[in-house]
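I have placed the structure first, in the form of C-alpha cells, so that the comments after it can refer back to it.
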Amino acid sequence: MRISKFAYLFAFLLLSPLTLANSDYNMRKGVTDVSHSVYELHMTIFLICCVIGLIVFSVMFWALIKHRKSKGAVAAQFHESTKVEIVWTAIPFLILIIMAIPATKTLIAMEDTSKADITIKVTGSQWKWHYEYLGHDVDFFSVLSTPLSQVNNEEEKSETYLLDVDKPLIIPTNKKVRFLMTSDDVIHSWWVPDFAVKKDANPGFINEAWTKVNEEGIYRGQCAELCGKDHGFMPVVVEAVSPEKFEQWLAEQQLAKTEAAKEAEALLSQTLSKDELMTEGQTVYMGYCAACHQPTGLGLPGVFPGLKDNAVVKGDLDEHIDVLLNGRPGTAMQAFAKQLTVKQIAAVITYKRNSWGNDTGEVIQPSQVQAFIDKASGE
Amino acid sequence: MSSQVQSSEHAHEEHLTGIKRWLFTTNHKEIGSLYLIFSLVMFLIGGAMAMVIRAELFQPGLQLVDPHFFNQMTTVHGLIMVFGAVMPAFTGLANWMIPMMIGAPDMALPRMNNWSFWILPFAFAILLASLFMEGGGPAFGWTFYAPLSTTYSNDNTALFVFAVHIMGISSIMGAINVIVTIVNLRAPSMTWMKLPLFVWTWLITAFLLIAVMPVLAGAVTMVLTDKYFGTSFFDAAGGGDPVMFQHIFWFFGHPEVYIMILPAFGIISTIVPTFSRKKLFGYSSMVYATSSIAFLSFIVWAHHMFTTGMPLAGELFFMYATMLISVPTGVKVFNWVATMWRGSISFEIPMMFSIAFIVLFTLGGFSGLMLAITPADFQYHDTYFVVAHFHYVLVTGAVFSIMAAVYYWLPKWTGNMYCITTAKWHFWMSLISVNILFFPMHFVGLAGMPRRIPDYALQFADFNAIISIGGFAFGLSQLIFVWCVFKCVRGGESVPAKVWDGAEGLEWEVPSPAPLHTFSTPPEVK
Amino acid sequence: MHAALVKKLIITVVGMFAFAFALVPLYDVFCEVTGLNGKPDMEAAQASSLVDESRTVDVSFITQTKQGVPFRVKAKQFSVAVKPGEMSELVFIAKNLSEYQRVMQAIPSVSPGKAAKYLHKVACFCFDRQPFEPNQEVEFKLVFYVDTELPQEVQELTLSYAIFDISDVALVRDDATTEPYKG
C-alpha cells in the first residue's frame, strides 16, 4: 500500500542518522556482547514505536484535514463497533508479544552466574567509589579529579570534564569480570554505558553484575542514583586492558602497596618542614575538603561548618585528628582514614591551622597522627 | 431531597461577603475556583523553580546555585507540580463540573469539601517555608528514597513529612467526596452508562486515590520514625532494607501517575466529540479501558526499580505487566481518532490543546514503552530519557489537558468568551517551546546524561543550552495564559448557555455564567 | 437511626486493622510459598544430611565496614570450594578498634540473589548482637553448607557481612546479657 511504503521510507531516512551509535543523539553500542544486544533491542523497540506513531498520526492528520467543518464535512453518525475494538486491541497485543521475545532473551542472557575470572567489590560512598580486587589485596578509592577551578568557571574545562578520576578501575578484556556492589551510606548506582551495566549500590547489602569487555579502551560512566550534594561529581572510569597488561598492573599495585607501607614507616621518624606540609596540605584541602568547606574556609552556613576560627581546627589536636579519620556520624563529614595517608592528614591539619587567619603557628608531623591512630587501636 | 436543599439554600441566603465568603464556602463552584486559582499559583511557583534549574543547566559548570540548593529545587519543583499544581487542578475541575454533569446540586459532603481545599495552602506554606530555614528544604528528590531521606537528611525533613501528610488527607477527603457524590447524587435518569467520560474517569481516579494515598502516608511516616524514633524500616543495621522503601513508595507512586492522567483522558474524551460534532467513539470500550488501566497500575510498580537487584522472575513479570498497559491506552487513542474520523472538525483552542495532547502524550507513551523493556531500561534508568518521558506525559499530557479544560469551560464559569488571539498566542508559543524544552532530553538521556545533576560533561552542553532556552520560553508563555484567564474573568463577550455548538451534557443547559446553585431539582436526562 | 450502618462500618474498620496485623505472618507465608524472599537469613538452619559429590561451588566471604566504624572483621580465608550438602567451617577474626565497650551487628547478604535461599548458616555470629570490650579481639566461627538444590548454573556465590556499630542502641552498661537479634 502506498502509504505504508512512504512511511517506511520516511522513517528510514529520518532515522538513519540516528542509527549512528556513539553520536550525541543515541545510546551507545558499547563494547560487550550484552551492550550490543541491548542496543539492538533499543533500536528495534524504537523503530516499532516510530512506525506505529506514523500510522496513527497519519490517520489522525488525514481526518483533521479532510473532515474539517470549514471544508464542508458533515459528521457521520457511527460511534461504536465491537469488531473494530477487538481488532485494535488484539493487534497491539500481538505487537507486544513480538517485542517481549527479544527482550526476554536479552534479559535471560544477562543472568549469568557462571564462574568469573575476577571479582571486584565496588563500594559507593558520598561522593566517590572504592574498588577492591577480591583475593588480590589491591584496593583504592576512585575520586573525581576535575579541579574545582574548572567547575567554578575559573579555568577552561578539559574534554573529559567531570568524567575524570585519579585512579580508574583497571580490568582485563575478554575475561568475565564480576562486580559486587554495595554502599557505605546512601543508595548509589554504578553505571558504565559502554558495558550496559547499571546496578544500585545499596547500604548493608550486595548486588551483583558482570561484564566481558571485547575492546581495550577507557570507558566512562556516572553515579546513577541521587545520593546527595555531589551526586553529579562521582564518575566511574574503567580502563580495559589486555589480560597480560592487567596481570602486570595487578602485580605492580601489590608491590606499590608494600613500598608505600615502608615509606610511611620511614616518614614517621622524619620531621617535615612547615612549607612542605603547607604545600601538600593545600593540595589535599583543595582536592578533598574544599568542595564542602570551600576554598575560602567559610563553609556553607547551616550546612557545612566554616573552618575559619573553628573550635575544632584551633583546639585539641586529638579531636581534630579524630574528626578527619573517623568523620562525624550523622553528618556529611566523611571518615578519611582509608582515603588519606598519615602524611596527608598531618599536612591538611597543618594547612587548616595556619590559613584564613587561623594563625596557630602549629606544625603537625605524620608521627603525631600515627601516635593517635596507635593509641586508638590499642596497638 | 430537593426540598431539603431548597430550605437550606434560603437559610444561608444572607450571604457572607469578602474573605469570609471564600474561607467558609461550601459551594462546589466556589471551591472549584479556589482549587484552580491555587493550582495556577503553585504552577507558577513550581515553574519558577524549574527556571532556576534550567538557568543552572544552561551551561556546564556551576554558575548560579550550589549543588545542595539545586537538589532542593529539583525536589520541591517535583513535589509542587505533582501535589500542588496537577492534582489540585483536576480536583478543581471535578468540583466545578461533576455535580453539574450528573445533575446534582452540589457535592455530597460540602463542608468536608471546604476543608479538603483549605488545608492545602497550609501544607504548601510548611513545605515552602522549609526552603528558607537553616539547612534548607528537602533535597532528596520528590521520591525521597531512604536512607538519603532518613539518616542523611536534615531536620527540616520533619516539615516535609507533615506537609505530605496534610496533602494526602486533602486528596483522600476529596476522593471520598467524589465517589459519594457520583454514586448517590446522580439525577435519577443518569444511569451508569450515560455518565460523561469525565465523571467516569474521576470516579475511577477517586478509588485509586483512596487506595494509595494511605500508602504514601505510611511511607512518609516510616521515614519520620526511622529518623526520629529509632525504628529501622530502611536501615540494614536494625534488620531493615532500603529497597523496601522503594517498594512501598512506588506502590503508591505508580498509581499516583495514573491518578494524574485519568482525569486528563476524561477531559479529552469530552472535548474531542464536541469539536468533531460526533459522539465519542466506543463509549463502553473507553470505560473498560480506563478501568483496565487503573487495575493494571497496581501491578507494575517495580518497573521503577529494575536496577535495584531484583530476581529475574520479578523483572520479567513487571516488564510484561508494564508493557500490557499500552494496550488499553492505545485503545483510548484509537477511539479518539475514530471520533474525529468523518466528523465535522473545527479548531477552537480547546480542540487545539486536545490534538496536541493526543500526539504528544502518545509520544510520552512510546518512551514509556521503551522504558518498560527491562534490559534497555538499564541504560535509560535515572537518565534524562526518563525525565523526557514523564514530562511529555505530564506537561503535554496532564497540563495541556487542564489548559484545554479551562479554555473549554471558562466561558461557562464566567459567562465571558476569552480573547481568542491571546489564547492562540498561548497555545502556539507553548506548543513550540515545550517541544524545544523536552524533546532534546531524549537525546541527552540516551547519550548518557544522568538525572538530578547540577553540572554535566561537555558532550551534553549543546542540547542543554537548547533545552534551557525552551524552558525559559515555555515559562514566559504561561504568563500569556495567566493574562488571558485574568482578562476573561474581568469581562468579555457574553456567551449563551451552550457555548460550543457541538457540546453535549447537562452543564450546557444551565446559563453562562453558571448560577451559584444549579440543579436544585434533578433534571431529566435523555 | 443509622445503628445498623454504624455497626457495619465499625466492624469493617476493626476488620481492616486486624488484617493489617495479620499481614506480618501472612507475608512470611507468602514469601515461603512463592520462594520470593530477600530477607537475610537470621536463624540457625538444620544440619545437612546428603552431600552432592558431583560438583563444587566457590563460596567467597567479604566484610563491609563503613569508614569510621571502629570494627575490623576479616575472614581467615577469602574463599572456599565446597560440595553442596557438605558442612564447612570458616573462622572470622573480629576486633574492636576503640577504647570503649561496643556492640557489633553483622548483617549477611548473599549474591547472586537466587542463591540466597540455598546458603544455610548453621551457626553464625550474625545471628546475635556481639558485645566487645575495649580493644578486644574475638574469633567467630561460621558453620554453613550449600543446599544440594542449588541450581546447577550457579558456580560461585558470595556471602557478605555488613558490619554495624549498634552501641548507641544496644549497649547495656551493667553486666546483663544482650538479647539475641532476630531478623
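The values are calculated or read from the model by the stated rules, or taken from the named source; none is laboratory data. Keep in mind the model is a prediction, meaning the values are calculated, not measured. All Cβ positions, glycine included, derive from the backbone under ideal geometry; neighbour counts span all protein chains shown.
Return yes or no: is B:Phe207 surrounded by fewer than 20 Cβ atoms within 10 Å (Cβ to Cβ), aromatic (Phe, Trp, Tyr) and over 23 Å from B:Ser269 (Cβ atoms)? Talk me through it step by step, then tell me what you get.
Numbers: surrounded by fewer than 20 Cβ atoms within 10 Å (Cβ to Cβ): yes; aromatic (Phe, Trp, Tyr): yes; over 23 Å from B:Ser269 (Cβ atoms): no.
It is false that B:Phe207 is surrounded by fewer than 20 Cβ atoms within 10 Å (Cβ to Cβ), aromatic (Phe, Trp, Tyr) and over 23 Å from B:Ser269 (Cβ atoms).
For residues that are part of a loop (DSSP other than H, G, I, E, B) and facing chain B (nearest Cβ under 7 Å), scanning just region A:48-82, find the one that is surrounded by the most Cβ atoms within 10 Å (Cβ to Cβ). Can you show your working first?
Filtering region A:48-82 down to residues part of a loop (DSSP other than H, G, I, E, B) leaves A:67, A:72-81.
Filter again for facing chain B (nearest Cβ under 7 Å), leaving A:67, A:73-76, A:79-80.
On the way: A:His67: 21, A:Ala73: 18, A:Val74: 11, A:Ala75: 18, A:Ala76: 14, A:His79: 15, A:Glu80: 15.
Of everything passing the filter in region A:48-82, A:His67 is surrounded by the most Cβ atoms within 10 Å (Cβ to Cβ).
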Original post:
Is it true that B:Val434 is in a loop (DSSP other than H, G, I, E, B), modelled with pLDDT of 95 or more and either acidic (Asp, Glu) or crowded, with 19+ Cβ neighbours inside 10 Å (or both)?
Top reply: no
Original post:
Out of region B:346-361, which residues are buried (at least 24 other Cβ atoms within 10 Å of the Cβ) and either among the acidic types (Asp, Glu) or more than 18 Å from A:Ile65 (Cα to Cα) (or both)?
Top reply: B:Phe361
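Which residues, taken from region B:459-515, are within 14 Å of chain A (Cβ to nearest Cβ) and either small (Gly, Ala, Ser) or at positive phi (or both)? Before you say what the answer is, go through the steps one by one.
Going residue by residue through region B:459-515, those that are within 14 Å of chain A (Cβ to nearest Cβ) are B:459-467, B:500-504.
Residues satisfying the conditions are B:Ala461, B:Ala465, B:Gly502, B:Ala503.
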Original post:
Within region B:174-194, can you find the residues that are surrounded by 20 or more Cβ atoms within 10 Å (Cβ to Cβ) and either under 25 Å from the mean Cα position of the chain (by Cα) or modelled with pLDDT of 95 or more (or both)?
Top reply: B:Gly174, B:Ala175, B:Asn177, B:Val178, B:Thr181, B:Ile182, B:Leu185, B:Arg186
**OP:** Filter region C:135-175 for residues that are at the interface with chain A (Cβ under 9 Å from one of its Cβ atoms) and hydroxyl-bearing (Ser, Thr, Tyr) and give the result.
**Re:** C:Thr158, C:Ser160
Original post:
How about region A:22-43: which of its residues are within 8 Å of chain B (Cβ to nearest Cβ), among the hydrophobic types (A, V, I, L, M, F, W, C) and in a loop (DSSP other than H, G, I, E, B)?
Top reply: A:Met27
Original post:
Within region A:115-168, how many residues turn out to be within 14 Å of chain C (Cβ to nearest Cβ), surrounded by fewer than 20 Cβ atoms within 10 Å (Cβ to Cβ), basic (Lys, Arg) and closer than 18 Å to A:Val192 by Cβ?
Top reply: 0
Original post:
Given the structure, is B:Glu507 surrounded by fewer than 19 Cβ atoms within 10 Å (Cβ to Cβ) and among the acidic types (Asp, Glu)?
Top reply: no
Subject >> Cβ-Cβ under 8 Å pairs, at least 6 apart or on other chains, region B:478-502 side closer than 13 Å to B:Tyr407 by Cα, far side modelled with pLDDT under 95 >> reply: B:Val499/B:Ser512
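Residues are listed down the side, and each one gets a yes or a no for (1) in contact with a Ser or Thr (Cβ under 7 Å, 6 or more places away or on another chain); (2) under 23 Å from A:Ala264 (Cβ atoms); (3) within 13 Å of chain C (Cβ to nearest Cβ):
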residue	(1), (2), (3)
A:Thr279	no, yes, no
A:His293	no, no, no
A:Asp322	no, yes, yes
A:Thr331	no, no, yes
A:Ala335	no, yes, yes
A:Gln339	no, yes, yes
A:Lys343	no, yes, no
A:Val369	no, yes, no
**OP:** Scan region B:125-142 residue by residue and report those that are crowded, with 19+ Cβ neighbours inside 10 Å and facing chain A (nearest Cβ under 10 Å).
**Re:** B:Gly136, B:Ala139, B:Phe140, B:Gly141
Original post:
Here are some residues: B:Met429, B:Met441. Which one is in a helix (DSSP H, G or I), free of Cβ contacts under 8 Å to residues at least 60 places away in the same chain and within 14 Å of chain A (Cβ to nearest Cβ)?
Top reply: B:Met441
Original post:
When you look at B:Lys412, is it buried (at least 23 other Cβ atoms within 10 Å of the Cβ) and out of contact with any Gly (no Cβ under 9 Å at 6 or more places or on another chain), yes or no?
Top reply: yes
Original post:
Just a yes or no: is a residue in region A:97-105 facing another protein chain (nearest Cβ under 7 Å), free of Cβ contacts under 8 Å to residues at least 24 places away in the same chain, touching a helix residue (DSSP H, G or I) at 6+ places or on another chain (Cβ under 9 Å) and not polar (S, T, N, Q)?
Top reply: yes
Subject >> Which listed residue, of B:Phe318, B:Phe281, B:Phe347, is more than 7 Å from chain A (Cβ to nearest Cβ), more than 23 Å from the chain's Cα centre (by Cα) and closer than 21 Å to A:Gln77 by Cα >> reply: B:Phe347
Original post:
Looking only at residues in region A:89-113 that are closer than 23 Å to B:Gly309 by Cβ and small (Gly, Ala, Ser), which one is surrounded by the most Cβ atoms within 10 Å (Cβ to Cβ)?
Top reply: A:Ala103
**OP:** Within region B:503-526, track down each residue that is out of contact with any Gly (no Cβ under 6 Å at 6 or more places or on another chain), touching a residue at least 24 places away in the same chain (Cβ under 8 Å) and in a helix (DSSP H, G or I).
**Re:** B:Glu507, B:Trp508
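So that you can scan it fast, the table gives a plain yes or no per residue for (1) under 30 Å from A:Thr182 (Cβ atoms); (2) part of a helix (DSSP H, G or I):
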{"residue": "B:Glu134", "(1), (2)": "no, no"}
{"residue": "B:Thr143", "(1), (2)": "yes, no"}
{"residue": "B:Pro147", "(1), (2)": "yes, no"}
{"residue": "B:Tyr152", "(1), (2)": "yes, no"}
{"residue": "B:Asp155", "(1), (2)": "yes, no"}
{"residue": "B:Met167", "(1), (2)": "no, yes"}
{"residue": "B:Phe207", "(1), (2)": "no, yes"}
{"residue": "B:Phe233", "(1), (2)": "yes, no"}
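Which of the residues spanning region B:49-75 are more than 14 Å from chain A (Cβ to nearest Cβ) and either touching a residue at least 40 places away in the same chain (Cβ under 8 Å) or aromatic (Phe, Trp, Tyr) (or both)?
Of everything in region B:49-75, those that are more than 14 Å from chain A (Cβ to nearest Cβ) and either touching a residue at least 40 places away in the same chain (Cβ under 8 Å) or aromatic (Phe, Trp, Tyr) (or both) turn out to be B:Ala50, B:Met51, B:Arg54, B:Ala55.
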**OP:** Could you look through region A:83-96, keep only residues that are among the β-branched types (Val, Ile, Thr) and under 30 Å from A:Ser37 (Cα atoms), and pick out the one that is nearest to the other protein chains (Cβ to nearest Cβ)?
**Re:** A:Thr89
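Hey, does region B:117-131 have a residue that's in a loop (DSSP other than H, G, I, E, B) and out of contact with any His (no Cβ under 8 Å at 6 or more places or on another chain)? Before you say what the answer is, go through the steps one by one.
Filtering region B:117-131 for residues in a loop (DSSP other than H, G, I, E, B) gives B:131.
In the following step, the residues that additionally are out of contact with any His (no Cβ under 8 Å at 6 or more places or on another chain) were identified as B:131.
Yes, that holds for at least one residue.
Just to be sure, is C:Glu86 over 17 Å from the mean Cα position of the chain (by Cα) and at pLDDT below 90?
Working: over 17 Å from the mean Cα position of the chain (by Cα): yes; at pLDDT below 90: no.
No: the conditions fail for C:Glu86.
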